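So the structure is just underneath, and the comments pick up after that.
The values are calculated or read from the model by the stated rules, or taken from the named source; none is laboratory data. Since the structure is predicted, the reported quantities are computational estimates derived from the model, not experimental observations. In this analysis, Cβ positions are derived from the backbone assuming ideal geometry, glycine residues included, and neighbour counts consider all displayed protein chains. Keep in mind that these areas ignore ligands, DNA and RNA; they rest on the heavy atoms of the full protein, side chains included. Shrake-Rupley method; radii C 1.70, N 1.55, O 1.52, S 1.80 Å.
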Amino acid sequence: ENVIELKDIKKIYHIGGEDFAALAGITLTIKKGEFAALMGPSGSGKSTLMNILGCLDRPTEGSYKLSGKEVAHLSDDELAVTRNQRIGFVFQNFNLLSRITALENVALPLVYAGVGHKERTQRAMKKLEAVGLATWAHHKPNELSGGQRQRVAIARALVNEPSIIMADEPTGNLDTKSTKEIMAIFESLHEDHKTVILVTHEPEIAACASRQLLMCDGLITRDEGKGVVMDVV
Ligand code: ADP
Ligand code: ADP
């Protein structure tokens, strides 16, 4: 079952009268349950690709099938609906709202989805329990450590039962101990057959994934996993 099917995806920017391909033709399939790490030097196109995969932006050319549905040409509103239903995001800076509790932060995607208060609270609490933070449910983010904040953010990313969890440098602001805790959570998501895509600069983090994708100049130049190495370009 393919969660993601990209076919010859290009993202062209017009800079000073010239065309620049931030993505130069990416073809990529990611199956349900894969845990993929995306690596590559600054400027290689990782953010641009993640923005398209996360339905935050559209490609200039090419096809993107998300769970079998073509999403490359959706309007902004349709893209937003798809994003809210199918994608969970985890950020380097956690992106929690500081004035509400951990539980309310986790429940927020369900507010947008129109789920009632009681069900929202129950579902959010379950996800907080799953990341070991039930006792912190009624605390605000500034009362939590960095690692705990990121666990709240992961619970929030999961609460809608998304098709994909996308994480951009999720351990970039964490110490070694918290990094290990967060990576253990991603590994357990992988064991639960969740689909995870993670951007990282750190080889040790990438090694936790089941597949390593390397980008260079807007292309995937290496695709490595399950003992198979492919130099794509
Ligand atoms: P990475 O995340 O790997 O650092 P990016 O996807 O941010 O790479 O950028 C890839 C290339 O596309 C870079 O050369 C960047 O300057 C360019 N780029 C990204 N976004 C834009 C934009 N909105 N307008 C013009 N150029 C962009
Ligand atoms: P990252 O730390 O993820 O690599 P970047 O510094 O590459 O971030 O990009 C930050 C934001 O600025 C992104 O949203 C990207 O689309 C935009 N951007 C990057 N390069 C350019 C550019 N040359 N012109 C306009 N916007 C850009």
- line: Gln85 neighbourhood, Cβ < 12 Å, K/R = +1, D/E = -1, net charge +1
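If you add up the charges near Arg156, with Lys and Arg at +1 and Asp and Glu at -1, over every other residue whose beta carbon is less than 13 angstrom from its beta carbon, what do you get? Mind dumping the intermediate values first?
On the way: positive: Arg120, Arg123, Lys126, Lys127, Arg149, Arg151; negative: Glu104, Glu161.
Overall, the nearby charge balance is +4.
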Dimensionless Rg/Rh of the stretch 83-187 - Kirkwood Rh, Rg from C-alpha atoms: 0.93
- line: Computed ³J(HN,Hα) along the stretch 173-190: with the Karplus parameters 6.51/-1.76/1.60, θ = phi - 60°, integer Hz and x for glycine or proline, the list is 10, 10, 6, 4, 5, 5, 4, 4, 5, 5, 5, 5, 5, 4, 5, 6, 4, 4
- prompt: Accessible area per residue of the stretch 1-75 at 1.4 Å probe, in Å²?
  reply: 47
- prompt: With labels modelled as points extended 7 Å from the Cα through the Cβ direction, what inter-label distance (nm, one decimal) is found for Tyr112 paired with Glu61?
  reply: 3.2
- request: With a 10 Å radius around each residue's Cβ, average the other Cβ atoms per peptide and rank 206-213, 114-121, 194-201, highest first.
  value: 194-201, 206-213, 114-121
- line: Cα-only Rg/Rh for the chain with Kirkwood Rh rounds to 0.97
- prompt: Given H placed 1.01 Å from N in the peptide plane, which residues other than close sequence neighbours of Leu23 have an amide H under 5 Å from its amide H?
  reply: Lys11
- request: Would you calculate, for the chain, the mean residue ellipticity at 222 nm contributed by helices, counting each DSSP H stretch of 4 or more residues as -39,500 (n - 2.57) and dividing by all residues, to the nearest 500?
  value: -10000 deg cm²/dmol
- line: XL table Lys11/Lys140; Lys31/Lys140; Lys65/Lys177; Lys32/Lys126; Cα-Cα > 29 Å flagged, in table order, is Lys11/Lys140; Lys31/Lys140; Lys65/Lys177
For His139, distant residues with modelled amide H under 5 Å away: Ala102, Leu103
message: Whole-Hz ³J(HN,Hα) for each residue in the stretch 207-215, computed from phi via Karplus 6.51 cos²θ - 1.76 cosθ + 1.60 with θ = phi - 60°, x for glycine and proline: what do you get?
response: 5, 5, 7, 8, 8, 10, 10, 10, 9
Percent of C-alpha pairs per 10 Å bin, the stretch 50-103, short to long: 21, 46, 23, 10, 1
statement: Excluding ligands, DNA and RNA, the carbon-plus-sulfur percentage of the accessible area of the chain with a 1.4 Å probe reads 50
field: Built amide H within the under 5 Å cut-off of Leu198, gap 5+
entry: Ala36, Ala37, Leu38, Ala167
message: For the stretch 153-231, what does the accessible surface come to per residue with a 1.4 Å probe? Please give it in Å².
response: 45
Using θ = phi - 60° and Karplus 6.51 cos²θ - 1.76 cosθ + 1.60, couplings along the stretch 194-205 (whole Hz; Gly, Pro as x): 7, 9, 10, 10, 10, 8, 8, 9, 9, x, 5, 5
- line: Convex hull around the C-alpha positions of the stretch 6-139: the volume in Å³ per residue is 160
